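Enquirer: Below are the structure tokens for one structure; questions will follow.
The values are calculated or read from the model by the stated rules, or taken from the named source; none is laboratory data. No experiment lies behind these values; they were computed from the predicted model shown. Methodologically, a virtual Cβ is constructed for each residue, glycine included, from the backbone with ideal geometry; neighbour enumeration extends over all protein chains shown. With ligands, DNA and RNA removed, areas are computed over all heavy atoms of the protein, side chains included. Shrake-Rupley method; radii C 1.70, N 1.55, O 1.52, S 1.80 Å.
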Amino acid sequence: MSSVLEVSLEETVPLSPEVLACPHEYNTRLRAEAPVYKCPHSGIFFISDYETSRAVLRDHETFSNRFSVAMRPQEVDPRVSAIQQQGWPGVDTMLTQDPPAHRRYRGLVNQAFTARRVKTLAPRIEEICNELIDAFADAGECDFVEAFAVQLPVIVIGEQLGVPDEDIHLIKTWSDAFALQLSGQADTEQQIEVAGIILAFQKYFAAKLEHRRQDRRDDIISDVVHARLEGERPLDISESLSILQQLMVAGNQTTTHAIGEGLLLLAQHPDQCEKIQRNPSLVDNLVEEVLRLSSPTANMWRVTTRDTELKGIALPAGSMVQVRYSSANRDEAQFTDGQAFDVTRDNLNRQIAFGHGVHMCIGAALARKEMQVGFRVLLERLTDFELTIDESKLVYPPNVLLRGLAALPIRFTKRK
């Protein structure tokens with residue numbers, strides 16, 4: 001494949017697996033040449049600069065999150081439909097809903113992710129981190145994604161959802177299925193497999209919901225079961241499953257990607273790693289810089305509700321819009337030397353890895369806490385991170401919305 005620097009924007013296919021896996025060159029071209037750009041291959045409007053991205057994310061009345069209908073395939077394989085009909089239909093609750101309905105749904109689960117409640121999880125997160133590191137520290141090397149980046153958020157969100165230890169591994173299976181569904185890359189056989197996994201997820205949690213209806217506990221499932229919309233109506237099964245699905249993916253998939261990319265950045269920049277180990281107070285800033293550069297939710301959809309205009313470009317009502325978080329977070333107009341990894345940046349409160357506006361990620365506080373505790377413990381216990389494969393062999397599975405490493409083979413030295 002030719003580098004995107006060698007061809008025009010019009011010749012580049014932005015939703016190709018190659019560009020999705022490594023979008024940074026293309027994003028740089030977009031910001032420089034067409035920060036609001038109508039892709040000739042798809043008809044989608046790409047928003048790539050920081051200022052316009054924030055403006056779009058703030059204006060939920062013009063740029064709606066009710067994009068789920070537009071994202072459904074026009075034709076569904078009968079085998080997929082047959083599986084889906086055995087479960088519950090998808091409904092718009094948080095991610096694919098607008099105020100005021102969005103506000104009502106989100107209000108039901110906000111309590112589970114308040115800063116106060118997340119703070120109480122810190123000791124348990126630290127305990128998990130140490131247990132995971134204990135399992136691979138003596139070996140001096142590991143696949144960091146599998147050994148740590150996947151495990152930490154899966155265990156944390158699994159425990160918060162009330163999933164017993166023996167079933168925690170299922171969280172990864174379900175999350176991977178939902179991520180593949182979002183990827184825009186699944187072939188027919190994969191769609192059939194995903195439909196079966198999602199059906200299993202629905203049946204598992206439908207049973208849990210019914211059990212918690214009779215036996216309330218201190219977990220998110222109980223919170224959802226006993227919640228009341230506008231103080232009156234309980235959520236039905238489809239609504240409850242939709243919320244649990246979104247919390248599960250938001251609570252682990254993107255955090256996994258950010259943690260993995262964070263350690264890669266530390267391995268690539270030992271000087272930055274040394275700065276943090278000399279001054280551990282930089283860990284919080286490290287987390288924000290990792291989020292900025294990794295942008296694990298690389299892109300997000302909106303659909304225009306009316307004719308509008310951005311930077312002189314007309315967007316008709318009903319246009320599909322893709323806000324490119326991974327581009328906005330590297331915009332040189334907002335972040336000086338935006339491609340560089342610098343744990344001492346002083347404006348990282350401006351990064352939009354979790355979105356912006358009413359749809360800012362509900363799991364942001366939990367993800368931050370996991371990363372803050374995780375990197376603190378890792379850097380206390382390990383150092384001298386190095387890749388054990390050539391950097392060119394790292395794999396980012398293509399996904400229209402999410403971006404993260406499939407594996408990260410590293411070696412390291414124990415500090416204590």
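Enquirer: Being open to solvent by less than 30 Å² (accessible area, probe 1.4 Å) and polar (S, T, N, Q) is the filter here, so list the residues in the range 85-101 that pass it.
Expert: Listed by number, the residues that qualify are 93, 96, 97.
Enquirer: Separate question: Go through (1) in contact (Cβ under 8 Å) with a residue 24 or more places away in the chain; (2) of a type in the set (S, T, N, Q); (3) farther than 14 Å from residue 46 by Cα and name the single condition residue 322 misses.
Expert: Result: residue 322 passes all but (3).
Enquirer: Pairs please, first residue from the range 253-279 and over 11 Å from residue 384 (Cα atoms) and at pLDDT 95 or above, second anywhere and open to solvent by 20 Å² or more (accessible area, probe 1.4 Å) and in a helix (DSSP H, G or I), Cβ atoms under 7 Å, 6+ apart in sequence or on different chains.
Expert: Filtered contacts from the range 253-279: 275/282; 276/282.
Enquirer: Just for the range 348-380: of the residues that are of a type in the set (Val, Ile, Thr) and closer than 23 Å to residue 160 by Cα, which one is farthest from the chain's Cα centre (by Cα)?
Expert: Once the filter is applied, the top-ranked residue is 377.
Enquirer: Go through 336, 388 for me and flag whichever is at pLDDT 95 or above, surrounded by fewer than 21 Cβ atoms within 10 Å (Cβ to Cβ), under 21 Å from residue 270 (Cβ atoms) and out of contact with any Phe, Trp or Tyr (no Cβ under 8 Å at 6 or more places or on another chain).
Expert: One residue alone meets the criteria, 388.
Enquirer: Considering only residues of the range 23-41 that are in a helix (DSSP H, G or I) and either more than 30 Å from residue 395 (Cα to Cα) or hydrophobic (A, V, I, L, M, F, W, C) (or both), which is nearest to the chain's Cα centre (by Cα)?
Expert: In this case the residue turns out to be 30.
Enquirer: Right, here's the next one. Which of the residues that make up the range 102-128 are modelled with pLDDT of 85 or more and surrounded by fewer than 15 Cβ atoms within 10 Å (Cβ to Cβ)?
Expert: Result: 119, 120, 122, 123, 124, 126, 127.
Enquirer: For the condition open to solvent by 30 Å² or more (accessible area, probe 1.4 Å), under 18 Å from residue 245 (Cβ atoms) and either outside any helix (DSSP H, G or I) or not charged (D, E, K, R) (or both), what is the one hit in 221, 197?
Expert: On inspection, the qualifying residue turns out to be 197.
Enquirer: Pick from 163, 156: which is crowded, with 18+ Cβ neighbours inside 10 Å and part of a helix (DSSP H, G or I)?
Expert: That would be 156, the only listed residue that is crowded, with 18+ Cβ neighbours inside 10 Å and part of a helix (DSSP H, G or I).
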